[in-house]
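The values are calculated or read from the model by the stated rules, or taken from the named source; none is laboratory data. Since this is a predicted model, take the numbers as computed values, not measurements. Positions of Cβ are backbone-derived with ideal geometry, glycine not excepted, and every protein chain shown enters the neighbour counts.
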Amino acid sequence: MILGESNGTTSSGEGASTLTAADVAALVGGELRGDGSAEVRSVAPIDRAAAGDVTFLANARYARFLAEPRDGGPVLLVSPELAETPGGTAARIVVGKPQEAMLEVLPRLYRPASLASGIDPTARIGHGARIGRAVYLGPFVVIGEGAVIGDEARVEAHSVVGAGAQIGARSHLYPHVTIYSGSTLGERVIVHSGSRIGSDGFGYVFRGGVHEKIPHVGRCIISNDVEIGANTTIDRGSIDDTVVGVGTKIDNLVQIGHNCRIGKLSLIMAQVGLAGSTWVGDGCIIAGQAGLSGHLTIGDGARLGAQAGVFGDVPGGETWSGYPARKHSESLRASAALFKLSTLMKRIEKLLKDHGL
Amino acid sequence: MILGESNGTTSSGEGASTLTAADVAALVGGELRGDGSAEVRSVAPIDRAAAGDVTFLANARYARFLAEPRDGGPVLLVSPELAETPGGTAARIVVGKPQEAMLEVLPRLYRPASLASGIDPTARIGHGARIGRAVYLGPFVVIGEGAVIGDEARVEAHSVVGAGAQIGARSHLYPHVTIYSGSTLGERVIVHSGSRIGSDGFGYVFRGGVHEKIPHVGRCIISNDVEIGANTTIDRGSIDDTVVGVGTKIDNLVQIGHNCRIGKLSLIMAQVGLAGSTWVGDGCIIAGQAGLSGHLTIGDGARLGAQAGVFGDVPGGETWSGYPARKHSESLRASAALFKLSTLMKRIEKLLKDHGL
Amino acid sequence: MILGESNGTTSSGEGASTLTAADVAALVGGELRGDGSAEVRSVAPIDRAAAGDVTFLANARYARFLAEPRDGGPVLLVSPELAETPGGTAARIVVGKPQEAMLEVLPRLYRPASLASGIDPTARIGHGARIGRAVYLGPFVVIGEGAVIGDEARVEAHSVVGAGAQIGARSHLYPHVTIYSGSTLGERVIVHSGSRIGSDGFGYVFRGGVHEKIPHVGRCIISNDVEIGANTTIDRGSIDDTVVGVGTKIDNLVQIGHNCRIGKLSLIMAQVGLAGSTWVGDGCIIAGQAGLSGHLTIGDGARLGAQAGVFGDVPGGETWSGYPARKHSESLRASAALFKLSTLMKRIEKLLKDHGL
């Protein structure tokens, strides 16, 4: 490997090609209005998109940016109800979901940075570790004894894989990740910078006047196609295992306690915390900063609102919110009642007084 | 030191020996029922424990797992009220607190990974640093000028100890820990991966149209037998010191602001935040995601509920919860009243109207 | 560079000189009472300040510490209303804002550690990276291809700067920082240990039975004079950019989602979370653990209380708090009404019953 070729975090790559507005319309299945020969080479947000860019408008909040004078006009993916928004564009493509349509366009304009493989000379590989085919190990990576790194996996600078831990094929650890011993990552798992997988859980028994540490010998199992954001922490099990199911996505700064089990295809947003031994089903959505106490069961397809404080089991398919969390409709009703109450309180007190209560 | 011998995070070690059910019963002081000669070599959670494993059952939630067919039966530590739970076991040991009893068994089956000592050739040691006896410094560790590392301390891969900082004997820094200058760790302190000890607090004075930074020259003092979870941040004092008392345990992703003082043997759970200059007494428990504003005093033995928003002092021994936090009994009563209110609101409004209010 | 000269995190430096009480009084514009020739060489908190120290008293909570016997007396900066607090001092200096006054004194007693420049031999610099004048790159630093490091910037041990990222002049990255590709830091930016700048946002489209990842090609732009605490995460934009404005200060463990735009001179305290595409104005204050949902607009000068759950736009200049957040005065009134309600509930129920409701 050539020094520097893959130093640092992955680049998003360079503009890879040129499309015409007609190409874009065909790609996204939208209705072309304007100059089909207008060329685009990159995407840009609507407030700075200019000639040569493709951008999108799906929310009236951003419509005013279109009117701002700029050097030439971009090609605009636009939802039907905003299609007539005034402003200078080279061409417009009317499509139901402009933001999703951008997903079709992006890979045509941006190629992922070429993923160099190779083992940096500074990477440290412990005895008995098995390194797959076409693996990338970046500068100062540390692979523990007996660890397994699957084919085409990428371990970026400074990441540490503990003794005996396993990283599945095509997984990608960004810089500064720690995988403790006892952890297993499936295939195509992405772990962003600074996340800690498999650290000891918070478990003590108060004996002899001290908090005696409970040894943690359970595992931490991350299934295929999971993505984990930056600076998130997932503890290993104490005796049981901690498990994150296939295709679940976890945001930044999330805490998953020991012995938790999270199902498939769930979404867990930033700063959520799960205390120990809580089970979350498949297809759940847990919004930002929600907290779940320990030993709960959250059914498949449940949704928990932002900042919800969940102290009991939640049936599958239901949406709960608030503190303490209840069904979302009940929480909304309680919240509305509270703000109404504060306007009625003086009258209620007068009424009680009038009735000698 | 042999390359690779201690790369990566500490393993939990291998099954170290074999015990019989009778051995286990004697060890935990429990009542043996069944085959005292049944052998165990490892622990496992109840949902996958089989012949050769010891497991436990202390919560009816998990009883159903015992009935699942499996290859042979484990030795089961079980609480008296669940002792008759149906299911296949090689032997049962009835004991008051099965989970605590497991703590007696674990060290007999798992030996801590042999802790190699030695200084990795890639470790960087600053001028005037003092390294104790039988210390382990892992790959790419950086020890600043004049820092002190106590006997038998372990500093794992990539951790950074700032100039002049002190790490007490037998302390253990997992990979990627940062100890800023001005920090002192006592003996047997454990710091999990990615925690930052002694960073500057959040202090500014608005002057001359900018937020002018308050220099931080106070210290950050972590006492003996403290454990700190992963990705936690503890700021140094501005002029005063930040202090964490003996035997206190802090979970993952916790924020401790500048000038905070936490007493002995307290427990601070994941994602808790303490603003600056708040003092927490001895033996307190602060549950997950609770937040404490600045300059508060929390008395000895106080307990704060999960997500509590604490804006005032809490007397010793009391339990507070909710937002804004009040005595737990008051918070519960208020919460119950609120949900009842939402069902009464229409009638209350009618009553007020009937009375011309 | 001499090995070890700059290993580890920056020290606060040593006591640099000696001042007399008269010098201090002149420096802060205060009224000297007592021995103007008393010498000070360091600052200390009031509970352990002794002869040779300068300390301050601005809050009656700390007054009792002044009375404790100690070896000699410190020089005390004290607010007018506490000027007569009993206790042994070598001299007192009465001044309106003693804590701010300390800011004048600190730089006279503490010089910043001498900031060695130089590139550690273990630092890795990618092809085409441009390294400015008098830069410090610490041990095991990784600079990606084509990255730009401005003059006099300091990149401490283990930090990683992604391919093409830019770090402005005199900026300071503490150890273990990750700057992803696509990020640009202005001048004099400080990033504390473990923060992650420019990681992918949390964006997926559910298609074909999986959560399909939205590519992130937007940038992450951190303006001049921003300070970012430890273990904070700031995501890059998806197509739009994430922007933090000039002079804004961000505390530890904060989450800033993709496409957020934060204005100038705002303060964002620990563990705050901003979901994606939320815009925060200039001069805002967001207190600890507050959470903001996505696509909101927070006006200039708005203040959000600790743990506020903000689900709607907040007009400039207003203070909001609570969950769901409302104007602070309304939240206080609702909270007061709730606690009063819980004491009235039985009587209200009797009244309704008496009226057949």
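The residue of segment B:247-268 that is nearest to the other protein chains (Cβ to nearest Cβ), among those that are crowded, with 24+ Cβ neighbours inside 10 Å and part of a strand (DSSP E or B), is B:Q255. For segment C:278-299, a residue qualifies if it is in contact with a Ser or Thr (Cβ under 9 Å, 6 or more places away or on another chain) and farther than 21 Å from B:F202 by Cα, and the qualifying residues are C:T278, C:W279, C:S293, C:G294, C:H295, C:L296, C:T297, C:I298.
State yes or no: is A:E100 assigned to a helix (DSSP H, G or I), over 24 Å from C:R236 (Cβ atoms) and of a type in the set (D, E)? Criteria not met by A:E100. Picking from residues in segment C:316-357 that are more than 22 Å from B:R347 (Cβ to Cβ) and loosely packed, with under 14 Cβ neighbours inside 10 Å, the one that is nearest to the other protein chains (Cβ to nearest Cβ) is C:A336.
Residue-by-condition table, conditions (1) out of contact with any Phe, Trp or Tyr (no Cβ under 8 Å at 6 or more places or on another chain); (2) of a type in the set (D, E); (3) over 26 Å from C:A230 (Cβ atoms):
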| position | (1), (2), (3) |
| --- | --- |
| A:G132 | yes, no, yes |
| A:V142 | no, no, no |
| A:R170 | yes, no, yes |
| A:T178 | no, no, no |
| A:S181 | yes, no, no |
| A:S195 | yes, no, no |
| A:G201 | yes, no, no |
| A:G209 | yes, no, yes |
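When restricted to residues that are under 24 Å from B:S195 (Cα atoms) and assigned to a loop (DSSP other than H, G, I, E, B), segment C:154-180 contains 11. Note on segment A:160-184: among residues that are aliphatic (A, V, I, L, M) and within 14 Å of chain B (Cβ to nearest Cβ), the one that is surrounded by the fewest Cβ atoms within 10 Å (Cβ to Cβ) is A:A163.
So for segment B:151-159 (the condition being at the interface with chain C (Cβ under 8 Å from one of its Cβ atoms) and surrounded by 21 or more Cβ atoms within 10 Å (Cβ to Cβ)), does at least one residue qualify? Yes, some residue in segment B:151-159 is at the interface with chain C (Cβ under 8 Å from one of its Cβ atoms) and surrounded by 21 or more Cβ atoms within 10 Å (Cβ to Cβ). Which members of segment C:320-343 meet the condition of being of a type in the set (S, T, Y), touching a helix residue (DSSP H, G or I) at 6+ places or on another chain (Cβ under 6 Å) and in a helix (DSSP H, G or I)? Passing the criteria: only C:S342. If I ask for residues that are β-branched (V, I, T) and in contact with a Ser or Thr (Cβ under 7 Å, 6 or more places away or on another chain), which ones from segment B:223-265 would you list? Within segment B:223-265, B:V226, B:I228, B:T232, B:T233, B:I234, B:V244, B:V246, B:T248, B:I250, B:V254, B:I256, B:I262 qualify.
The residues listed here are C:V217, C:V205; of these, the one that is at pLDDT below 95, touching a strand residue (DSSP E or B) at 6+ places or on another chain (Cβ under 8 Å) and farther than 27 Å from C:I149 by Cβ is C:V205.
Do you know which of the residues in segment A:26-40 that are aliphatic (A, V, I, L, M), more than 9 Å from A:R92 (Cα to Cα) and touching a strand residue (DSSP E or B) at 6+ places or on another chain (Cβ under 7 Å) is surrounded by the most Cβ atoms within 10 Å (Cβ to Cβ)? Across segment A:26-40, the extreme among qualifying residues is A:V40.
Considering only residues that are surrounded by 16 or more Cβ atoms within 10 Å (Cβ to Cβ), on the phi < 0 side of the Ramachandran plot and not hydrophobic (A, V, I, L, M, F, W, C), which ones fall in segment A:298-315? Matches in segment A:298-315: A:G299, A:D300, A:R303, A:G305, A:G309. Candidates are the residues of segment C:64-81 that are surrounded by fewer than 19 Cβ atoms within 10 Å (Cβ to Cβ) and modelled with pLDDT of 90 or more; the one that is farthest from the other protein chains (Cβ to nearest Cβ) is C:P80.
Of the residues making up segment B:106-150, those that are outside any loop (DSSP other than H, G, I, E, B) and crowded, with 21+ Cβ neighbours inside 10 Å are B:L109, B:R124, B:I125, B:Y136, B:L137, B:V142, B:I143, B:I149. Consider segment A:210-226 and keep the residues that are farther than 21 Å from B:L265 by Cβ and free of Cβ contacts under 8 Å to residues at least 40 places away in the same chain. The one that is farthest from the other protein chains (Cβ to nearest Cβ) is A:I222.
For segment C:279-305, filtering for residues that are outside any strand (DSSP E or B) and closer than 24 Å to B:V210 by Cβ leaves 11.
Out of curiosity, is A:I46 surrounded by 22 or more Cβ atoms within 10 Å (Cβ to Cβ) and either in a loop (DSSP other than H, G, I, E, B) or touching a Pro at 6+ places or on another chain (Cβ under 8 Å) (or both)? Considered against the rule, which asks whether it is surrounded by 22 or more Cβ atoms within 10 Å (Cβ to Cβ) and either in a loop (DSSP other than H, G, I, E, B) or touching a Pro at 6+ places or on another chain (Cβ under 8 Å) (or both), A:I46 comes out as yes. Checking the condition more than 23 Å from C:R61 (Cα to Cα) and either at pLDDT 95 or above or not polar (S, T, N, Q) (or both), which residue from B:L296, B:L265, B:L292, B:L304 passes? Step by step, each of B:L296, B:L265, B:L292, B:L304 is checked, and only B:L265 is more than 23 Å from C:R61 (Cα to Cα) and either at pLDDT 95 or above or not polar (S, T, N, Q) (or both). Here A:G198 clears all of (1) within 12 Å of chain B (Cβ to nearest Cβ); (2) under 24 Å from C:R124 (Cβ atoms) except the condition numbered (2).
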